[in-house]
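In what follows, a structure is listed as structure tokens, so that the remarks can point back to it.
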Amino acid sequence: MRKLVSAATSLVMAATMVSAVAPVVAGAADAKKGLSILTYKDATLPDGVTASGSTVTVSADAIKAGDVKVPLAVYLNEETPDTKSIAVKVTVNSKNTDVKNIKFEKYTPGADPYFSEAKTFKMKDGTEVSTDTVVSFAGTYHKKAGYMAAGKYTVAVDEKQIEAGTENAYLGLSWNNNGTKYKEWFGEKSDDYPVLVFDVVLPKGTAEGEYTIDYCNYMTNDSPSVPSCLVETIDWYDTFEHKNLDLNNLTIKVGDVITPPDSSTTTTTQATTTTSTTKAPDGSTTTTTTSNGGGSNPDVTGDFIVDFDNPDDENGYWHANAGEDVDVDMHVTTKTSGLTVAGFSFDITVAGGITLADVVKSSPALLNAALVRDLKSGNINGTCEGNGDGITVKDGDLAYYTFNVPEGTPDGLYEINLTKANLLKADKTNHNVGVKKGYIQVGDAVTPPQSSTTTTQSTTTTQSTTTTSTTKGGDSSTTTTAQSTTTNGGNSSTTTTTTTTNQQGTGEVHYGDTNCDGQVKINDVVVLNRYLNDAKSISVSDQGKRNADCYNPKDGAELTAEDSKAIIQSIVHLVELPVNK
């Protein structure tokens with residue numbers, strides 16, 4: 001507890017040194033500035049770790065062998081060296097697995113030793129500098145004192161930071177020029193050297209999946225009000241924050257699992273419901289319930305319900321072809337009367353590479369409150385004028401989005417979802433918001449069958465035979481053969497479909513079907529990965545092991561990540577099972 005309070009206090013104190021001024025872009029030497037999280041250019045990546053742009057990959061072997069420490073850095077992107085102060089707050093998140101054991105380690109430029117021995121760096125004028133510390137984007141060199149980072153740094157790490165709204169690993173930086181105007185960068189460009197360097201420590205056995213190093217978006221204190229991520233210029237009238245500051249995060253992929261493309265042809269509309277509980281800035285909990293069903297999405301609850309249903313389509317879908325734009329309305333319904341909203345923030349995503357092209361600048365449901373839009377990140381946010389407590393939300397259209405469907409996008413259903421849906425009270429805590437996912441149908445999407453059975457229309461004759469056989473050990477296999485004769489304009493065709501479902505045991509091998517439900521789907525990958533990670537955490541039958549052993553199969557005797565990879569590749573039609581190498 002002492003550590004948390006100490007770190008939080010130091011950052012709040014440092015934040016007061018960052019002035020709170022109205023963000024104005026006009027007149028700025030740079031129309032935009034940016035912060036990017038990347039691997040530290042001057043560090044060596046550990047074995048089993050590779051990087052490409054803003055994506056880092058940690059191999060399954062590396063994470064099984066021990067802790068993996070990934071060296072990261074925050075780089076400032078600017079055209080003019082006129083920055084007075086910088087504030088950066090980051091955390092780690094994941095959509096598919098726990099992140100509680102992941103930690104940050106900090107290094108203050110010019111102060112904390114980083115390299116095991118002195119390393120040589122080159123200044124803009126060609127002077128070579130030798131130091132074992134991190135070299136910052138702005139700094140000086142003295143032939144006796146050596147390298148000195150410019151300005152004043154305050155850096156803190158915590159296991160969580162409630163003020164920032166995260167219970168995961170947290171890092172905060174506040175930097176100001178300490179009254180000294182710098183006229184040039186230490187290197188040729190602003191991002192030759194970083195603003196900050198830190199390590200992400202992934203403990204041995206960290207679950208396979210994707211992790212993102214995200215920026216925290218909140219006000220660090222009330223008066224003066226200071227954004228958590230900010231770049232402020234020397235001239236004082238130019239402040240860059242979330243609305244006009246490019247914030248580029250980083251993704252860490254752990255393990256050899258290949259994420260299937262979002263444009264897969266699976267178009268199941270059976271509703272499922274997920275409920276997540278998050279911490280509001282004051283420490284209270286906020287529950288967001290999300291349903292993925294099409295049409296009415298019946299299972300979502302909350303003080304407010306946000307949905308993307310298209311009232312002019314029987315399934316509630318929005319329609320476009322590849323290469324076209326599509327307009328999508330986001331609606332809100334008030335489920336609890338008498339509630340007021342003082343602010344809002346929404347982050348939207350669409351699967352399959354569909355991008356956000358535009359958002360109308362005001363919200364009818366929020367009394368035409370102005371929207372601050374970031375098309376790159378998908379965020380819209382703003383405040384609601386009122387009597388101090390905000391305004392009463394009007395049921396109806398919350399926002400009008402325009403999405404671009406790129407050329408070459410395959411036909412199919414593409415999910416629209418809000419990764420963040422905050423309607424804020426006057427005290428800055430969140431109302432409970434239920435989110436109903438929507439869908440954009442590209443072209444003539446065809447819903448695939450939910451099992452191996454073929455259903456035909458205009459059928460005149462249908463015969464069905466079901467055979468159940470018992471194999472050794474008392475295990476059973478059920479085979480269903482369906483024959484249908486279809487008549488169309490005097491022409492007839494006969495379709496025969498055979499479905500075999502293996503029950504637990506040692507029946508006929510159905511490669512990829514880890515859970516023995518007769519189908520090969522992503523669920524089989526999830527089961528197998530859990531088993532590989534911790535065999536005690538989930539039960540897989542002998543038959544399931546035989547089915548899952550689909551890469552150089554040995555009748556279930558040897559299950560590895562290669563089997564998981566092969567199943568995923570088969571789902572997206574890259575390979576046929578079994579795979580023999």
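The values are calculated or read from the model by the stated rules, or taken from the named source; none is laboratory data. None of these values were measured; they are calculated from a predicted model. Reconstructed Cβ throughout: ideal geometry from the backbone, glycine too, with neighbour counts over all protein chains shown. When the accessible area is computed, the model is the full protein with side chains, heavy atoms only, and any ligands, DNA or RNA have been set aside. Shrake-Rupley method; radii C 1.70, N 1.55, O 1.52, S 1.80 Å.
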Quiz item: So, with a 1.4 angstrom probe, what is the percent of accessible area on segment 100-240 that is carbon and sulfur?
Solution: 46 percent
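For ASP199, ASP125, ASP303, write out the residues from largest to smallest accessible area, computed with a 1.4 angstrom probe and no ligands counted.
Sorted descending by solvent-accessible area, the residues read ASP125, ASP303, ASP199.
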Quiz item: Do the alpha carbons of any pairs in LYS33/LYS122; LYS420/LYS545; LYS103/LYS565; LYS106/LYS183 sit beyond 32 Å of each other, and which pairs?
Solution: LYS420/LYS545
Exercise. Extending each Cα 7 Å along its Cβ direction at MET219 and ASP444, get the distance between those two points in nm, one decimal.
Key: 5.5 nm
Quiz prompt | Amide H contacts of ASP358 (H built 1.01 Å from N, under 5 Å, at least 5 apart or other chain) | solution = THR402
Quiz item: Taking segment 104-150, which chymotrypsin sites (Phe, Trp or Tyr not before Pro) meet the DSSP loop condition and have no more than 14 other C-beta atoms within 10 Å?
Solution: PHE115
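Using a 1.4 Å probe on the protein chains only, how many percent of the accessible area of segment 319-447 belongs to carbon and sulfur? Working shown, then result.
Working: 2520 of 5560 Å².
The computed percentage sits at 45.
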Self-check item: Which listed pairs, of LYS253/LYS581; LYS32/LYS189; LYS89/LYS436, have C-alpha distances above 19 Å, in listed order
Solution: LYS253/LYS581; LYS89/LYS436
Quiz prompt | For THR419, residues with placed amide H under 5 Å, excluding near neighbours | solution = ASP347, ILE348, THR349
Exercise. Would you mind checking the radius of gyration and Dmax of segment 97-182 based on alpha-carbon positions, in Å?
Key: 16.1, 50
Quiz prompt | Residues of segment 68-220: accessible area per residue with a 1.4 Å probe, Å² | solution = 42 Å²
